[in-house]
Amino acid sequence: MTRKPFVGVIPPVLTLFTKCGQVDEQAQREFLEFLVQKGVHALFVSGTYGAGILMTMEQRKKLFDLTMDQVGGRIPVIAHVGAADTDTAVELAQYAESKGADAVAAIPPFYFPHSERSVIAHYTAIVQSVKVPVFAYNNPKASGILITPNMAVELGKNGLAGMKDSCFDIVAFVHTKDKTEAADLDFEMIIGTEGLWCPAAAAGAKAMVAGLANVCPELVVDYYVATVEKGDEPGPALVIGASSVFLDLLGWSVETMAISEARVSASHHDADLHAGTRKHSAAICRVQPRLRSFEVLFAHLHPHELPHEVCDVGGRPCPSKVHFLGKRSADQKRHHDVTRDGRSVTSGCVLHERF
């Protein structure tokens, strides 16, 4: 029987911690509820965004506990169980399954160099330890191991359900998809970034793990809907206009997060639209009511960094501004550094959002 694939927008869920470094259960529950209510299609927990590798075994188990309890089966949950050793990954996989996770995923064993044979044995042990689908998490920048198309075929033959591909190489993504399909495997390829969703969808991908969906989930869900023809089937008629707006907003979101490190205040919701972004003003205005999510996240992640002071294009102090990274003039590009405590942070300067 063919397994039902994951579909749509899957945030790699941020993990919120207390000042003492423990999982903040109340904040995490609120954040999970926010994502579910905003219409995401599934969740990917304890991954890179979720700081899973930095957490202890007990912290990760607690995260699985509260995630499954809060979500309550409303949408699927993929639990990332990757570890440097096989025994830990297997124990976490079995625990996640016992708590109701719909699937587990694992980055390859990291730190030490491993042969292809060892990597395949590692994944095979995880597959054999649980009944839920097991996905590889292909992130060679983090793990030091690239899962090649040929390895994916071997893993698929050993029972691997698919792969979350975060190597940021669309050619390799398509090649892996083609190779596993040619081998007649039920092997699902999930693109690991919203930035490559359009070409991945054109190649037949049905789901994306989208970091931006942590902050603007409706925007990414709308983007997904705009690039599929009907139902759960991504179509070839991709909406280029939606893609263009989304990519600009993606730059804005990434820059927003960067500026948060420079003591971004999240206190108001008015906007000052500069020339050069007016064609996207309608899309920006749609996002403005959702920006309160930034305030919630920043309050948990950087409570000590509010309020702040940054500089505008003319170098004047400009409190509570977030800078849009988009189409900037040469003059604007010359004034893109924000200084904080003697440190310099790059920022765009086309759209200023006052939270």
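The values are calculated or read from the model by the stated rules, or taken from the named source; none is laboratory data. Worth saying up front: this structure is predicted, and the values here are computed from it rather than measured. No Cβ is skipped: glycine too gets one built from the backbone with ideal geometry, and neighbour counts run over all protein chains shown.
If I go through segment 53-69 residue by residue, how many of them are under 15 Å from ARG29 (Cβ atoms), charged (D, E, K, R) and in contact with a helix residue (DSSP H, G or I) (Cβ under 7 Å, 6 or more places away or on another chain)?
Matching residues across segment 53-69 total 0.
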Every residue from segment 137-176 that is on the phi > 0 side of the Ramachandran plot and out of contact with any helix residue (DSSP H, G or I) (no Cβ under 9 Å at 6 or more places or on another chain): GLY144
Count of residues meeting criterion [acidic (Asp, Glu) and surrounded by 19 or more Cβ atoms within 10 Å (Cβ to Cβ)] in segment 8-31: 0
Where VAL90 falls short, out of the listed (1) under 20 Å from ASN214 (Cα atoms); (2) more than 23 Å from the chain's Cα centre (by Cα): (1)
Subset of segment 25-79 [under 16 Å from the mean Cα position of the chain (by Cα) and among the β-branched types (Val, Ile, Thr)]: VAL36, VAL40, VAL45, THR48, ILE53, VAL77, ILE78
Residue pairs meeting the criteria (Cβ under 6 Å; at least 6 apart or on separate chains; first part of a helix (DSSP H, G or I), in segment 58-84; second among the acidic types (Asp, Glu)): LEU66/GLU25
LYS99 modelled with pLDDT under 95, more than 22 Å from MET208 (Cα to Cα) and surrounded by fewer than 23 Cβ atoms within 10 Å (Cβ to Cβ): no
Filtered residues of segment 100-116 (kept if part of a loop (DSSP other than H, G, I, E, B) and either under 18 Å from TYR49 (Cα atoms) or in contact with a Ser or Thr (Cβ under 8 Å, 6 or more places away or on another chain) (or both)): ILE107, PRO108, PRO109, PHE110
Subset of segment 120-142 (residues that are within 22 Å of the chain's Cα centre (by Cα) and either more than 21 Å from SER46 (Cβ to Cβ) or in contact (Cβ under 8 Å) with a residue 60 or more places away in the chain (or both)): PRO133, TYR137, ASN139, ALA142
Selected residue (criterion: farthest from GLY39 (Cα to Cα)) from residues of segment 192-216 that are more than 10 Å from the chain's Cα centre (by Cα) and of a type in the set (Gly, Ala, Ser): ALA203
Helices (runs of 4 or more DSSP H) enclosed by segment 117-228 - at least 2 residues per element that are among the hydroxyl-bearing types (Ser, Thr, Tyr), surrounded by 18 or more Cβ atoms within 10 Å (Cβ to Cβ) and modelled with pLDDT of 95 or more: 170-182
Failed item in (1) modelled with pLDDT of 95 or more; (2) over 22 Å from TRP197 (Cα atoms), with GLY21 passing the rest: (1)
